[in-house]
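S.K.: Here's a structure for you.
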């Protein structure tokens, strides 16, 4: 009986301690892991979050880069971490791609999604002297030249999936050429080795302003203010929306109290005019989705990627 009472007392103390710990979260700095090298889309956002979240959390966010295996190494690190809220992940659509292309044995459901925080607008571009200026003209040109228009992409990435979707939606046959990451794709189109590409608006604006590249369409639901003269794919009659949404995840099993604290802080962050202004400088948009709506979004995005992954693996 005494042993039973002692055991119950120990369990009670443990539970009280856990409750207090969650209620006072965070009591130490939070690691925000970016599964890519410094300077990329995710890292740029993470640094801005690190700067502004000090106003909404009692302890700082510390950005840690862990590149490798196309983001899988960093995701694995967070997946294995203790679900105490002190190791978080900032990631995007590539998580679904890694899963459906059999590059990772886990997907978004193996984490605890917390909230969507930002969207990086993407566009379809061509070299400035290309004989087409929009998607309608590209469609007409490509229909006359099956596999004759070369599309720069990186195998297994969002650019490949967008290229397949572009072929599907425009009912054309662009030839997808694997040239690697964003910098390589840009160099390929600028050098005239390929003609069309998918890339972030922020990364390509300097080349467009220098009249080396031109936008054929922005892949957002609505026009982007920074390039307000560029029509969306939808405006041109093509149902293609493919921005890059970035959100925060934790290891599976985050306490509800921790999720609540993080969700509230991220909502305040996204409403912060200074945070929004910093994102606007790099042509990102602050866009908050709370946990439940974020999970709904991830489910839809996952289904979209699954569809085109099946096409890739079937070829």
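S.K.: Relative to the longest principal axis of the chain, what angle (0 to 90°, nearest 10) does the C-alpha long axis of helix 2-23 take?
M.R.: 40 degrees
S.K.: Rounded to the nearest 500 deg cm²/dmol, what is the calculated helix-only ellipticity per residue at 222 nm for the chain, with -39500 (n - 2.57) per DSSP H run of length n ≥ 4? Walk me through the numbers on the way to the answer.
M.R.: Values: 11 runs with 139 residues, N = 315.
Result for the chain, helices only: -14000 deg cm²/dmol.
S.K.: By how many nm would the segment from residue 140 to residue 222 lengthen if fully extended, with 0.36 nm per residue of separation less the alpha-carbon distance? Walk me through the numbers on the way to the answer.
M.R.: Values: separation 82, 0.36 × 82 = 29.52 nm, distance 2.40 nm.
Length gained between residue 140 and residue 222: 27.1 nm.
S.K.: Moving on to the next point. Normalised by the empirical 2.2 N^0.38 Å for globular proteins, what value does the Cα Rg of the stretch 171-233 take?
M.R.: Computed over Cα atoms of the stretch 171-233, the ratio equals 1.15.
S.K.: For the chain, how big is the tail of P(r) above 30 Å, as a whole percent of Cα pairs?
M.R.: Details: 18565 of 49455 pairs.
Every Cα pair in the chain considered, those over 30 Å come to 38 percent.
S.K.: OK, next. Among 227, 305, what is the fewest-to-most ranking by other Cβ atoms within 10 Å? Could you put the intermediate results ahead of the total?
M.R.: Details: 227 18, 305 23.
If I rank by nearby Cβ atoms, fewest first, I get 227, 305.
S.K.: Could you list log10 I(q)/I(0) for the stretch 28-158 at q = 0.15, 0.19 Å⁻¹, which the Debye formula gives when each Cα is one point scatterer?
M.R.: For the requested q values the scattering log ratios are -0.81, -1.07.
S.K.: Then there is this: Fewest to most neighbouring Cβ within 10 Å: what's the order for 86, 151?
M.R.: Values: 86 19, 151 28.
If I rank by nearby Cβ atoms, fewest first, I get 86, 151.
S.K.: Once you keep just the Cα pairs under 8 angstrom separated by 6 or more residues, what percentage relative contact order results for the stretch 122-227? Provide the component values of the computation, followed by the final result.
M.R.: Working: 171 pairs, mean separation 46.3, N = 106.
44 percent.
S.K.: What is the Cα radius of gyration of the stretch 143-200 over 2.2 N^0.38 Å, N being its residue count? Don't skip to the end; give the middle numbers.
M.R.: Values: Rg = 10.5 Å, N = 58, 2.2 N^0.38 = 10.3 Å.
The reported ratio for this selection is 1.02.
S.K.: Please arrange 75, 270 by counting, for each residue, the other beta carbons lying within 10 Å of its beta carbon, fewest first.
M.R.: Numbers: 75 28, 270 21.
Going from sparsest to densest Cβ surroundings: 270, 75.
S.K.: Next question. Once both labels are modelled 7 Å past Cα along the beta-carbon direction, what's the residue 292-residue 50 spacing in nm?
M.R.: Each label point lies 7 Å from its Cα, and together they span 3.4 nm.
S.K.: Further, regarding this structure: Using a cut-off of under 13 Å, list every residue of the stretch 136-157 whose amide N is near the label point 7 Å from the Cα of residue 193 along the Cα-to-beta-carbon line.
M.R.: Counting backbone N atoms under 13 Å from the label point, the list is 151-154.
S.K.: What whole-number distance in Å separates the alpha-carbon centres of the stretch 266-315 and the stretch 182-240?
M.R.: 19 Å
S.K.: Going by alpha carbons, how many degrees (0 to 90, nearest 10) lie between the helix axis of 291-314 and the longest principal axis of the chain?
M.R.: 50 degrees
S.K.: In addition: In Å and whole numbers, how far do the C-alpha atoms of the stretch 159-307 stretch along each principal axis, longest first?
M.R.: Over the stretch 159-307, Cα extents along the principal axes are 53, 36, 30 Å.
S.K.: Moving on to the next point. Quick one: the Cα spread of the stretch 122-227 along its three principal axes, in angstroms, biggest first?
M.R.: 32, 27, 25 Å, listed from the longest principal axis down.
S.K.: State, to one decimal in nm, how far the label point of residue 173 lies from the label point of residue 103, with both points 7 Å from Cα in the Cβ direction.
M.R.: 2.7 nm
S.K.: Please give the FRET efficiency for residue 239 paired with residue 133, using the beta carbon to beta carbon distance and R0 = 22 Å, rounded to the nearest 0.05. Each step should come with its number before you reach the end.
M.R.: On the way: r = 20 Å, r/R0 = 0.93.
My answer for the efficiency is 0.60.
S.K.: With r defined as the distance between the Cβ atoms of residue 303 and residue 155 and R0 fixed at 22 Å, what FRET efficiency is calculated, to the nearest 0.05?
M.R.: 0.55
S.K.: Let me see the P(r) profile for the stretch 53-119: every Cα-Cα distance counted, bins of 5 Å, each bin given as a percent of all pairs.
M.R.: Calculated over all Cα pairs of the stretch 53-119, the distribution is 3, 15, 25, 26, 18, 8, 3, 1 percent.
S.K.: What is the distance in Å between the Cα centroid of the stretch 70-93 and that of the stretch 24-53?
M.R.: Comparing the Cα centres of the stretch 70-93 and the stretch 24-53, I get a distance of 12 Å.
S.K.: Among 107, 182, 148, whose mean-square fluctuation peaks in a Gaussian network model of the chain (Cα, cutoff 10 Å)?
M.R.: Answer for the Gaussian network model of the chain: 148.
S.K.: Cut-off 10 angstrom, C-alpha nodes, Gaussian network model of the chain. Which of 42, 128, 159 fluctuates the most?
M.R.: 128
Quick note: the coordinates plus some simple rules give every number you see, no bench work behind them. Just so it is clear, the model here is predicted, and its values are computed rather than measured. Neighbour counts are summed over all protein chains in view; Cβ atoms, including those assigned to glycine, are modelled from backbone coordinates with ideal geometry.
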